[in-house]
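The values are calculated or read from the model by the stated rules, or taken from the named source; none is laboratory data. Quick caveat: nothing in here was measured; it's all calculated off a predicted structure. Ideal geometry is used to build each Cβ from the backbone, glycine not excepted, and the neighbour counts take in all protein chains shown.
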Amino acid sequence: MAYALTDEQIQQVIQNTALVILARPDLLPDWHANLTELVQQMRAAALDDEAIFLAAVLALLDHPGDTLPTGTQYDAAWEALLVSLQTGSLRPAREQETITLDRLLSSIVQAAVAVQTHAAEQRQAVYEELLQIKAAAVESQVPELVVWLDDVLDVLDGAAASERAAHHTGIYGAYWKSLIENSPPS
């Protein structure tokens, strides 16, 4: 998933917004004007997710109690901003401290391939870890991840990865392809 806003820009939006709300309300007019201009640029470029996220941040300046997620790919940044405001922290957690779906799927593929190729003794530990991740995905209501994890568990139980590929699409399909390419032949 490509982001039009860089990680640095997102962190700057979070940090500046938290600063204005928590410590420097005198900077509110300037920050409001900067965000308004950025929203207009995103709308002009037809970058809807970015415009929605930035408009939500702009609305937050006037209504700090508005905590509804934006429904965009920037919801993690939105959540980081809300956490900064709730904790009174002007330094939001860096993305490196959080796990993204991309990193999670990559780690799972690497672990599954390792168990199949050279670390068979780690099978039980990896299997149990995947069951914990699956439980979290069920609790978080992420059905695509649950299905994907079920298929990885089946592969660890001896199923061929290529037999489970048909229903995986998007990022899940991309990582499933990686699993197929790196798994030993059945």
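A few remarks follow.
- Contacts under 7 angstrom Cβ, first residue in the stretch 120-140 being farther than 16 Å from L105 by Cβ and in the same structural domain as D150 (by TED's automatic domain parsing), partner at pLDDT below 90 and surrounded by 12 or more Cβ atoms within 10 Å (Cβ to Cβ), 6 or more apart: Q122/A114; Q122/V115; R123/V115
- When the stretch 133-186 is filtered for residues that are surrounded by 14 or more Cβ atoms within 10 Å (Cβ to Cβ) and part of a loop (DSSP other than H, G, I, E, B), the ones remaining, listed by number, are V142, A159, A165, H168, S183.
- Complete set of residues in the stretch 47-67 that are surrounded by 15 or more Cβ atoms within 10 Å (Cβ to Cβ) and assigned to a helix (DSSP H, G or I): D49, E50, A51, I52, F53, L54, A55, A56, V57, L58, L60, L61
- The C-beta contact set for the stretch 73-92 (first residue farther than 14 Å from V20 by Cβ, second residue among the charged types (D, E, K, R) and modelled with pLDDT of 80 or more, distance under 8 angstrom, 6+ apart or interchain) comprises Q73/D49; Y74/D49; Y74/E50.
- Restricting the stretch 50-70 to residues that are under 26 Å from the mean Cα position of the chain (by Cα) and at pLDDT below 90, the residue that is nearest to N16 (Cα to Cα): P64
- Members of the stretch 1-46 that are in a helix (DSSP H, G or I), exposed (fewer than 14 other Cβ atoms within 10 Å of the Cβ) and of a type in the set (G, A, S): A33, A44
- Some residue of the stretch 63-81 being more than 26 Å from T100 (Cβ to Cβ) and aliphatic (A, V, I, L, M): no
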